[in-house]
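The values are calculated or read from the model by the stated rules, or taken from the named source; none is laboratory data. What you see is a predicted model; the values in this text were computed from it and never measured. Because the Cβ atoms are built from the backbone with ideal geometry, glycine has one as well, and the counts that use them run over all protein chains shown. The protein model used for the area step is the full one, side chains on, heavy atoms only, and it has no ligands, DNA or RNA in it. Shrake-Rupley method; radii C 1.70, N 1.55, O 1.52, S 1.80 Å.
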Amino acid sequence: MEKQGQRCNRLVLVPCPFQGHINPMLQLGAILHSKGFSITIAHTQFNSLDPSNHPNFTFQSIQDGLSDYDASMDSIALIETLNINLVFPLQESLARMMKQDEKKERIACVIYDAAMYKAEAAANYLKLPTIVLVTCSIASRLTHVTYPQLQAEGYIPPKDSMLQDLVPGLHPFRFKDLTIFNLPNLEASLQLIATTSKIRTSSAIICNTVDCLEQPFLAQLKKQYQVPIFPMGPFHKIALPSSSSLLKEDTSCITWLDKQAPNSVIYVSIGSAASIDERELIETAWGLANSKQPFLWVIRPGSVRGLGWQELLPEGFKKAVEERGCIVEWAPQKEVLAHVAVGGFWSHCGWNSTLESICEGSPMICQPCFGDQRMNARYVSHVWRVGLELDKELERREIERTIRRLMAGKECEEMRQRTMDMKVKVELSIGEGGSSYNSLNDLVEHICHSDC
Ligand code: UDX
């Protein structure tokens, strides 16, 4: 890391400012900090973070021009706007850092979230090396690079009659599992996916995944890229625990969990971006109540379309569940999943939630909503067989049945055993000599030998 008396050990990390992307990027920062790098987080003003929660990092606020942000903007337009607006302010910020750091240390590399693709242009202009962070699964990434071929062969957009069919070359995923399924603006999505899948001049790809979880797809992805791929997750188990929550975590649920029997509680959360409608809220509420299983339910503000959830919860529901249910607006999820009382996770299957659940040996009910969540759900239910798919329209009797299957009986025991086996394999991967452990060391070598 030494060059002409200067330490070349500063890494600038550019997260995509959404919860499911911020968490892995900050965890990666903590991991690389523990390896001796200085970490600067170049963060947009949109969904900004509190630097006081991360005393080991330096923060650079990047002007994103979103002061008149229109909340009705769809996620594609928002990501594109962020990228367009980010490029010059980031370039200026990097140039300032290079000037300030001249005497002590130099920027070794800019690591950017694949969705913040314009960071590569900003770094390139200043001749700084770059590496891409992929926060979704390898399988999702592989589908992204496969779309042009599928499109050329006439598979995209998939016809209704094909939805249950397996995608050629991507078994066991079906057309209905693809990240582009059911999108209102397919062309724009394919365009953005094509842009974010390119690595241009970046010298490597870091993935928050584990070799043992995705071996066949990892081998296929390696054939698609000419640069090294470092699967070195799950980050949250390698980094020291810290919180990068945008919402305040309600820790009262831990006190409630302390009073519950081991493996008795089903934890319910649809993550940071998905939403349900009023009917789905009511079916979920009665499904939980009728299952007679203790539950911890996260109802994030804005996650129920329409009114606030307090007004929508059905009459009689609170009385029916009494102390058996705990509802919070945002939970310390990793702590919840690690709690001895939690026996199952009803999840939207975001990639972080999926990894976090496996790492705590918690079987899942899969209720994917959009994007990569359906692929993750397919992994959980059909490849790893550590969860049950809640595939149909949410309906209280189906929910009740699925909760019972997840939480008790032979099927439950078998799923718990398989999840525990996966947990052990993942732990071996991050231990000395394991695949993620080795990948991390290879990444450090790679950065140190980058041309900075
Ligand atoms: C988004 C996309 O929707 C998803 O498809 C993609 O895989 C990642 O980004 P998101 O809803 O953010 O998903 O889900 P997820 O990836 O699971 O990330 C959510 C994070 O928030 C997790 O790290 C989880 O621990 C945390 N969380 C969630 C909390 O800390 N508290 C909660 O109450 C809920």
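Of all the listed residues (Glu411, Glu393, Glu398), the sole one being outside any helix (DSSP H, G or I) and not assigned by TED's automatic domain parsing to the domain that holds Leu213 is Glu393.
Set side by side, the residues Glu322, Glu283, Glu329 differ, and just one is within 14 Å of the ligand (Cβ to nearest atom) and of a type in the set (Asp, Glu), which is Glu329. In this structure, Val110 does satisfy being under 30 Å from Asn438 (Cα atoms), open to solvent by less than 10 Å² (accessible area, probe 1.4 Å), aliphatic (A, V, I, L, M) and touching a helix residue (DSSP H, G or I) at 6+ places or on another chain (Cβ under 8 Å). When each of Val380, Val386 is tested for being within 16 Å of the chain's Cα centre (by Cα), buried (at least 24 other Cβ atoms within 10 Å of the Cβ), more than 10 Å from the ligand (Cβ to nearest atom) and of a type outside the set (Gly, Ala, Ser), the lone residue that passes is Val380. With respect to the conditions (1) assigned to a strand (DSSP E or B); (2) open to solvent by 60 Å² or more (accessible area, probe 1.4 Å), Gln220 falls short on a single one, namely (1). If you go through the range 78-107 and keep only what is of a type in the set (Ser, Thr, Tyr) and crowded, with 18+ Cβ neighbours inside 10 Å, you end up with just Ser93. For Ser357, indicate whether it is in contact with a helix residue (DSSP H, G or I) (Cβ under 9 Å, 6 or more places away or on another chain), among the hydroxyl-bearing types (Ser, Thr, Tyr), within 20 Å of Ser137 (Cβ to Cβ) and not assigned by TED's automatic domain parsing to the domain that holds Ile111. Here the answer is yes, as Ser357 does meet what is asked. Residues that are basic (Lys, Arg) and in a loop (DSSP other than H, G, I, E, B) were ranked within the range 103-148; the one that is nearest to the ligand (Cβ to nearest atom) is Lys127. Can you tell me how many residues within the range 155-179 are within 25 Å of the chain's Cα centre (by Cα) and of a type in the set (D, E, K, R)? The total comes to 3.
Can Ser429 be described as over 23 Å from Leu296 (Cβ atoms), in contact (Cβ under 8 Å) with a residue 40 or more places away in the chain and in contact with an Asp or Glu (Cβ under 9 Å, 6 or more places away or on another chain)? Yes, satisfied.
Restricting the search to the range 77-101, which residues are in contact (Cβ under 8 Å) with a residue 24 or more places away in the chain and either of a type outside the set (A, V, I, L, M) or not assigned by TED's automatic domain parsing to the domain that holds Ile39 (or both)? Of everything in the range 77-101, those that are in contact (Cβ under 8 Å) with a residue 24 or more places away in the chain and either of a type outside the set (A, V, I, L, M) or not assigned by TED's automatic domain parsing to the domain that holds Ile39 (or both) turn out to be Glu80, Asn83, Phe88, Pro89, Gln91, Ser93, Asp101. Does the range 119-131 include one or more residues that are surrounded by fewer than 20 Cβ atoms within 10 Å (Cβ to Cβ) and under 21 Å from Thr58 (Cα atoms)? Scanning the range 119-131 turns up at least one residue that is surrounded by fewer than 20 Cβ atoms within 10 Å (Cβ to Cβ) and under 21 Å from Thr58 (Cα atoms).
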